[in-house]
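Structure first, then comments.
The values are calculated or read from the model by the stated rules, or taken from the named source; none is laboratory data. The structure presented is a predicted model; accordingly, all values stated were derived computationally and were not measured. Reconstructed Cβ throughout: ideal geometry from the backbone, glycine too, with neighbour counts over all protein chains shown. We work out accessible area using only protein heavy atoms, side chains counted, and drop any ligands, DNA or RNA first. Shrake-Rupley method; radii C 1.70, N 1.55, O 1.52, S 1.80 Å.
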Amino acid sequence: TAPKVGKIFPPTCTIATGSVIFSGLPSTGTWTVTRYPGTVTTTGTGSVDTITGIPSGTTYVYTVKNEATCISVPSTDVVIPAPPPVLSAPVIGKITQPVFSVPTGSVELSGLPAGSWVLTRLPEMVTTPGTTTTYKVTGLPGGAYTFTISNASSCTSPPSAEVRISTPG
């Protein structure tokens, strides 16, 4: 019989391919599962297996061949969704240094993703949620900072360029 398509795992921020759990594979002996298009094969044993490394963007079907070389009919369609977007580091804009009357600085950030995000100020790990594509960080004491952004898919950008805020003197 055709391999039964189970849970499909989409790509993540760190793994660009998906995977699928198959059941109904031959419970004895060695089997070979073949993916079409592409005729990519995986060999294993046992009635359940997870096939990994499946690219997104194409509809696939799978057959299974048992030790007696009998080949099944194709499985139902397996479609791996597109991976989440790769995030760019926040872009540093205008930096305002502290003055005697305002003892903290600020920095304007742009290039933030559309939708919900969380900005993290490093090295203190101070987090701020938001939804705009620009954001002004205020209340920065003297020091050096970088910023990362995480989206709803829990993908995190590389750190921004360093921002140096002087200490008023």
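Brief remarks on what is shown
- Contact order relative to length of the chain, as percent, for alpha carbon pairs under 8 angstrom and 6 or more apart: 19 percent
- √(5λ) per eigenvalue of the Cα gyration tensor, the chain, largest first, Å: 53, 13, 11
- In this Cβ point-charge picture (+1 for Lys and Arg, -1 for Asp and Glu), the chain has a dipole of about 140 debye about its Cα centre.
- Rounded to whole numbers, the Karplus 3J(HN,Hα) couplings from phi for region 146-156 are 10, 9, 10, 10, 10, 9, 5, 7, 6, 7, 10 Hz, using 6.51 cos²θ - 1.76 cosθ + 1.60 with θ = phi - 60°, and x at Gly and Pro.
- At most 14 other Cβ within 10 Å, DSSP loop - chymotrypsin sites (Phe, Trp or Tyr not before Pro), region 59-133: F100
- Judged by a Cβ-Cβ distance under 4.7 Å, the unpaired cysteines of the chain are C70.
- Label-point gap, in nm, between S116 and I15 - each point 7 angstrom along Cα→Cβ: 2.4 nm
- Inter-site label distance for T1 and E162 at 7 Å from Cα along Cβ, in nm: 6.3 nm
- Fully extended contour minus Cα-Cα distance, from T138 to C70, at 0.36 nm per residue: 17.7 nm
- The residues packed around P90, meaning those with a beta-carbon under 15 Å from its beta-carbon, carry a net charge of +1 if Lys and Arg are +1 and Asp and Glu are -1.
- Extension reserve of the V79-Y36 stretch, reckoned as 0.36 nm per residue once the Cα distance is removed: 14.3 nm
- Surface composition of the chain: carbon and sulfur make up 59 percent of the accessible area, probe 1.4 Å.
- Virtual paramagnetic centre 7 Å along Cα→Cβ of T96, amide N under 18 Å, in region 102-134: 102-110, 134
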